[in-house]
Structures are given as structure tokens and as C-alpha cells.
Amino acid sequence: MQHETATAEWWRTAVVYQVYIRSFADGNGDGLGDIAGLRARLPYLHQLGIDAIWINPWYPSPQIDAGYDVSDYRAIEPAYGTTDEAELLIAEAHDLGIKVVLDIVPNHTSWEHPWFEAALAGDAQARARYLFRPGKGVDGELPPNDWESIFGGPAWTRSTAPDGTPGDWYLHLFAPAQPDLDWSNPEVVAEFEDVLRFWFDKGVDGFRIDVAHGLAKHPELPDAGPRTGRKDRNDHPGWDQDGVHEIYRGWRRVADEYADRVFVAEAWVESNERLARYLRPDELHTAFQFDFLQAPFVASVMKQTIDDARAAADAVGAPATWVLSNHDVVRHATRYARSQPEHAVSSIWEQSRWHEGAPDLALGLRRARAAALLTLGLPGTAYVYQGEELGLPEVEDLPAEVRQDPAIAQSGGAQIGRDGCRVPLPWSGETAPFGFSPEGAPEPWLPLPDSWAPYTAEAQEADPDSTLSLYRRALELRSKWLVGEGFEWVPSPEGTLAFARGDVQVWLNTSGAPVAVPGELLLGSDPAAEAGTLPSDAAAWVRV
Ligand code: NOJ
């Protein structure tokens, strides 16, 4: 019985590689990553040893928010390829034993989606699928409530009525180009269940759900009142409303019509208890553990985070889902390259804290390698953001004129934007763009730093001490030694943490001084470490 569960529920132990498609590999030579580039690099992913890929939105889109503004949920962005190529990719990945998870964006559409265009043209049925409301003030010149957009400024934009006069306002929790859908409308519910089936029928293995905690709003759209910290936490009537769970019960029924399909929620909620509500047995299978991502490189904080996350997930029978980086946050090799706070950084949107002072990138990389062994050593699902296996740092000095994140302008420059973690991958060669695009292609959509020659996959291939080799070895050993969900803390000195998974122990040292570790070294993040000793800013897997 135990064994059956383990094989069927592949997602409980999987390592999923996040493909940020516009920056993964450019196959057609236009400076933008695409399906052709991804297909050509599938052998690389296979060799890395991952179980699945999650592909960021690849649908037609005006790309105002890098594809999170979808204008057609059943097609492929022409710059990325065709539906035929998507089907080939799914088949080829499956042939290599790699599952394919797509990104679904249900909270909002693009303003170029036919529904929203019809809504603006005055079609009442289409308008009822969005959240249009009259403004306040004498002439409706004030937004309907005080909600703020995550990207800055009001979460409302005033529309123009078909006769050219100022009309109602529409809600957008993100950019004005991303109007929020009204999920109390059964047509919206039916449409997305149909979109899920459309891709499940093509063999897709699951979906990452964008802003999974945003879909249901308080029916009266009341003011949120003054707030501190993240805008989407702290009991806000626009976020994490109870109504959202009925939506996911419906989605789960759809997934259960198929075999082995999985959902992973992007839900930035107030607590692990709130997160666990999304993971009840008739709702979603997994949800990113963002407290772990926001934890500093401090063993005691990481330990507490792991305990809290595991307890909450266990309570509903779900695995914890570990993640260190993604396309929205500063890469962890850079987050760890500065002095670390003693507590979690509560808001990823307050990125400035990670940009103070000059980074010590060598230290950041040491810690990133250690954090990788910690993460991949934990029971549950682990996500790897493309490029972290190469040890890539954040590109902090991108010139303002190349930055593209809509949050920069919308926040009036208060947000630095997320371009620095989205720079294309360096594959090979000595000069930029390091094999990202074929010879003769125009510049990539974001420039790669000239200093990235040592980070290319090619440069790291042959080096047994490279970060790429560390990830390959870790994934190989994980599938052999770190199976099952067993887990037990092991007593360890101050500034360290250690846990056992059967005969293997995972050790992390953030104390500032070397510590003694037991057993035989299976894998260490610090290639210079001697047997029996774990230097600071390092991790090891030992057999005891
Ligand atoms: C979360 C996505 O990860 C982010 O990139 C996007 O800007 C927002 N959701 C809005 O869709």
C-alpha cells in the first residue's frame, strides 16, 4: 500500500525545474527563449536529474507582465512557437521521464483578452465576468475602494464608456493591463475548468496556479483600511477569502478525472495554517512554502521554518514544497551574499533590503550551494529555479533603460523590479550572450553580463567541483538515499541544524566556525571540506 502511494503520487517527492521560458534558451534566433530552445535542451535537464518542469506562461499575451497577462488560454504565444511544438515538447519530455507542469493565470486576464475587449465595448455579459464598479465622489472620479495594486498605486482604473465619456472603474490587483475576473460568475468557473481539461487532454501533468489566493474577493469589496507589510496579507478583503476553496474543490474534481495530475499553488498567505487550507485532501496537492524562501541563511530560523511548514502540511496529509528562488525574487546566491537578518524577510516586494551594500558573491555562492543541499535533503517536493544549478547571482546593475518589469513604473520607482533574476541563461562560450541565442541573433531581451563566462553550463560540465556538478550529484543521491518521508531532528551545536532521513544525515552550518560531523561523507557543498569537519556556510550529506 505504502509503495503504491509512493509511485502514484509522484509529486510528493519530485524535484521540479522551473523553466522561465523567455530566458531559458532561444531556438529561433529572435533574442527571446522559446519552445524550440527548450526542446533542444531537454537532454540537459534529463542529465541534471529532475523529475518535472514547470513552464511559466507560454500563451499569447501582449507581454506587459511577461506573459502573466494572457489573451488566449488555449494557444501558444507565437514568439514561443506553435501548439504543434508544444505537443512535441510534452511528448519528448515524457519520453525522457520528465513531467510537464504549466502555469495557469486565473485571477486576471490580459486587457487584450476577447472577454475584456467585449466588456469595454459595452457587452453586459462580458462585463459581468470582471469587477466593474462605479467610482466614488461627485462624478465617480474616485476609485470604488482603497485597495492598492501589488505593483503600486490604486488597484482600480477608470474605463471609458463606449460613448467616450468616463465610465466605471475596473479592479486589477496587479497592472491595469491585468483586469481581475469575477469568480462569483459561473461562466468564469466553467471557462477555467474547460481550460484545465484542454491541457490535461494534451498530456500536461499539472498546473502551477498564479496568485492562487486572489481569486475570490469579499462580495461587497469593502475598504481594506490602513495596512503594513505585504498588501495581500493581513486579513485583506481582496485576498485569501474563504470562497476561493470552493473553486479549488472544483478544480480537484477535474484533475481527478485524469491520472497523476497535480496542482501547486502560489499563495502568499498570512500563516502556514492558512496555507494548509489550500491543501486539504479535496483541494490542491501542493503549495509553495514561501516562508522558507524568505528565511535568512541562519540555521535556527531555517529550522523553525521547516518545523512549521512540515507540521502544517502534515496536518492535512500534504507534502511540504520547498523553494529558494523564482522569477519574482532576488536570486538566493545574492540574497545570501550580504549580512543576514535574524528573522525572515517578510516581504519579497521590499527587495531593497537585499540590495544594501556591496555583495560578497563568493560567500553568497557558498551559502547557496549549502542551501541547495539543505533543500534537496528535505522530504517533500523541491523546486529549482533555472540557473540556480549554475550558481547564478542576481544581475543588480541592469541599466534602467533595459528593465522591463511593469512594477517599476507603476510603483513610481519604489520597486526595483524583478528583471535581475530573469536574465537569460548562459550556456556556452566566452562572450555574451553565451550561447543563449544562435549566432547572428539580435541581442537577448535582457543583456547577459560579460562576467558570466565561468557560469556557463559548458564551463561547469567538466568541473567536478562546479555548482552544476553539485546539483547533478545531489539529485542522483537524493533518488537513491533520500527516499520516503521519514525525518528526525538530530542534536547539533548552536548555529547548525541536522536531521536524519534513515541512514543519511543532512547537516547545515551557519555558525561562523567549523563543526565536527559524524559518519561518512556522501556529498558536501564545500569541495575543500575535510572528512569529519563541516566548515561554516556549508552543508553535507553523511551516512551514519
Ligand atoms: C505572480 C507571478 O509569479 C508574477 O510574475 C506576476 O507578476 C503576478 N503573479 C501577476 O500575475
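Taken together, the values in this text are just the output of simple stated rules run on the coordinates, not laboratory data. Note that this is a predicted model, so its numbers are computed, not measured. Every residue, glycine among them, receives a Cβ derived from its backbone with ideal geometry; neighbour counts consider all protein chains shown.
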Total charge dipole magnitude, the chain, about the Cα centre, Cβ charges on Lys, Arg, Asp, Glu only, Debye to nearest 20: 1100 debye
Environment charge at residue 104 (Cβ cut-off 9 Å; Lys +1, Arg +1, Asp -1, Glu -1): -1
³J(HN,Hα) computed for each position of segment 510-516 - Karplus, 6.51 cos²θ - 1.76 cosθ + 1.60, integer Hz, glycine/proline x: 10, 7, x, 9, x, 10, 7
Global form of segment 40-80, assessed from the alpha-carbon gyration tensor, a/c cut-off 1.5: prolate
Net dipole in debye of segment 441-544 [+1 Lys, Arg Cβ; -1 Asp, Glu Cβ; about Cα centre; nearest 20]: 380 debye
Pairwise Cα inverse-distance average, inverted: Kirkwood Rh of segment 191-315 (Å): 15.8 Å
For the chain, the fraction of alpha-carbon pairs in successive 10 Å shells from zero, as %: 4, 18, 29, 28, 16, 5, 1, 0
Theoretical ellipticity at 222 nm over the chain - DSSP helices of four or more residues, -39500 (n - 2.57) apiece, nearest 500: -7500 deg cm²/dmol
Segment 114-171 shape via C-alpha gyration tensor axes, a/c threshold 1.5: oblate
Dipole of segment 114-171, positive direction: furthest Cα of 161, 130, 145, with charges on the beta-carbon: 130
Unit charges at the beta carbon, dipole of segment 381-521: most positive-side option, 487, 417, 428: 487
Given charges at beta-carbon only (K, R positive; D, E negative), |dipole| of segment 1-158 in Debye: 360 debye
Gain on full stretching of the segment that runs from residue 282 to residue 223 - 0.36 nm per residue minus C-alpha separation: 18.1 nm
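Hey, what did the chain get for relative contact order, percent, Cα under 8 Å, at least 6 apart? Present the calculation step by step, with values, prior to reporting the outcome.
Values: 1162 pairs, mean separation 72.5, N = 544.
Taking the mean separation of contacting Cα pairs over the length of the chain, I get 13 percent.
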